[in-house]
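The values are calculated or read from the model by the stated rules, or taken from the named source; none is laboratory data. Keep in mind that this is a model prediction, so the values were computed, not measured. We place every Cβ from the backbone using ideal geometry, glycine too, and count neighbours over all the protein chains shown. Side chains are part of the model used for accessible areas, which takes the heavy atoms of the whole protein and leaves out ligands, DNA and RNA. Shrake-Rupley method; radii C 1.70, N 1.55, O 1.52, S 1.80 Å.
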Amino acid sequence: MILLHILLTNDDGINAPGIQTLWQELSKIANITVVAPDSERSASSQAITVHHPIRVDRHCVEEPPICAWQVGGTPTDCVKIALDALLTEPPDVVVSGINQGSNLGTDVLYSGTVSAAIEGALHGIPAVAVSLDSWHPFDFGPAAKITSKIVLSLIEKKLPPNTLLNVNIPALPESQLGQISITKLGSRNYENTFERREDPRGRIYYWMGGRIVDSDNDPDTDIIAIKQGKISVTPIHFDLTNYRIMNLLATWEM
C-alpha cells in the first residue's frame, strides 16, 4: 500500500502547537513534508516575497526524529517553493493549519492559512485550510483527528478544480463537538481602532487593533455553525468574477 503524501504548512510558524499536533496525527495516514514559515506570518493573505531572497533551512526535531523545512517567507511562499523547488513530485494534498484562531467569513481574504491552501489549489492539488476557534491555548488533538478524516474523504471523493475546503473547528472537547456542517462564507465586520503612539525619537506611528462587530448572517454560514458548536466545512473557489453584472456592465458607456 502506497501512503499518501501530504504537504503541510501554516501561518503561525513551524514551532506552533497547531502544526506540531497535526504533523503527528497526519503521519498516521501519510508521508508528511512540512514546509512552514520560520516565524508567525498571520494575516499575510496571498503575499509573496519578490524584493529579497527567501531563506530555506532544515528544521529537525529529536522526538520523533524527523526533519522539515523552515522558510523565511509567507505561507504562500512556502507552498510555491515546496512545489517548484523542494519536492521531486507534487503531493496528493496540501494541508494548511491548524491555525490558532478561526478563519471565518470575509476573514479568508486576509488569512495566511487559507492563502497557503489556495496556492495548492492553484497548482491543481486538493487543499484544506484548518483553523481552531480559539485565541487561547487549547488541545489541538480533536481538531487534528477531524482534519485527518476530512483529508481521507477528500482523497476518496475528489474536489472540483480550483477548489479548497476551509475548515473551522470549535474549541470544545471531542465529546462536545457538534456534527460537520457544510456552510457558505458569512460576513464578519470589524471596528478598527488605530492607536496613535510616539516612538523615543518623536516619530508618530499607529498600532492597529480590531473588535469584531456582529452582523446578520444566514443560518447556513460558517459563522453561525461555529456559534452552534458545529464543525464548519466551506468549499471555496477563487474565481472572483461577478457574473451577474457582466451584462449590466456591457450596457455602460465607458
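Worth pointing out:
- If you go through region 120-148 and keep only what is open to solvent by 10 Å² or more (accessible area, probe 1.4 Å) and within 13 Å of the chain's Cα centre (by Cα), you end up with just Asp133.
- Index of the failed condition, Leu8 passing every other in (1) at pLDDT 95 or above; (2) outside any strand (DSSP E or B): (2)
Here is a yes/no grid of residues against (1) free of Cβ contacts under 8 Å to residues at least 60 places away in the same chain; (2) assigned to a loop (DSSP other than H, G, I, E, B); (3) in contact with a Phe, Trp or Tyr (Cβ under 9 Å, 6 or more places away or on another chain):
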site: Asn103; (1), (2), (3): no, yes, yes
site: Ser115; (1), (2), (3): no, no, no
site: Val128; (1), (2), (3): yes, no, no
site: Phe138; (1), (2), (3): yes, yes, no
site: Ser148; (1), (2), (3): no, no, no
site: Ile155; (1), (2), (3): no, no, no
site: Leu159; (1), (2), (3): no, yes, no
site: Asn166; (1), (2), (3): no, no, no
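- The set of residues from region 181-211 being closer than 12 Å to Ile231 by Cα and either open to solvent by 90 Å² or more (accessible area, probe 1.4 Å) or out of contact with any strand residue (DSSP E or B) (no Cβ under 9 Å at 6 or more places or on another chain) (or both) comprises just one member, Ile182.
- Selection of first residues in region 180-201 that are free of Cβ contacts under 8 Å to residues at least 24 places away in the same chain and among the polar types (S, T, N, Q) and of second residues that are in a strand (DSSP E or B) and open to solvent by less than 90 Å² (accessible area, probe 1.4 Å), restricted to Cβ pairs under 7 Å at least 6 apart or on distinct chains, gives the following pairs, ordered by first then second residue: Asn192/Gly210; Thr193/Gly209; Thr193/Gly210.
Condition check ((1) without any contact (Cβ under 8 Å) to a residue 12 or more places away in the chain; (2) in a loop (DSSP other than H, G, I, E, B); (3) touching a helix residue (DSSP H, G or I) at 6+ places or on another chain (Cβ under 9 Å); (4) within 30 Å of Gln179 (Cα to Cα)) across all residues:
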{"site": "Tyr206", "(1), (2), (3), (4)": "no, no, no, no"}
{"site": "Gly209", "(1), (2), (3), (4)": "no, no, no, no"}
{"site": "Ile212", "(1), (2), (3), (4)": "no, no, no, yes"}
{"site": "Asp218", "(1), (2), (3), (4)": "no, yes, yes, yes"}
{"site": "Ile226", "(1), (2), (3), (4)": "no, no, no, yes"}
{"site": "Val233", "(1), (2), (3), (4)": "no, no, yes, yes"}
{"site": "Ile236", "(1), (2), (3), (4)": "no, no, yes, yes"}
{"site": "Thr241", "(1), (2), (3), (4)": "yes, yes, no, no"}
{"site": "Met246", "(1), (2), (3), (4)": "yes, no, no, no"}
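- Out of Val108, Val114, sole residue that is closer than 21 Å to Ile6 by Cα and surrounded by 18 or more Cβ atoms within 10 Å (Cβ to Cβ): Val114
- Complete set of residues in region 23-66 that are more than 21 Å from Phe140 (Cβ to Cβ), open to solvent by less than 60 Å² (accessible area, probe 1.4 Å) and either touching a strand residue (DSSP E or B) at 6+ places or on another chain (Cβ under 7 Å) or of a type in the set (A, V, I, L, M) (or both): Ala47, Ile54, Val56
- Per-region count, region 220-243, residues open to solvent by less than 20 Å² (accessible area, probe 1.4 Å) and charged (D, E, K, R): 1
- Residue in region 77-101 that is farthest from Ala225 (Cα to Cα), counting only those that are among the acidic types (Asp, Glu) and in a helix (DSSP H, G or I): Asp84
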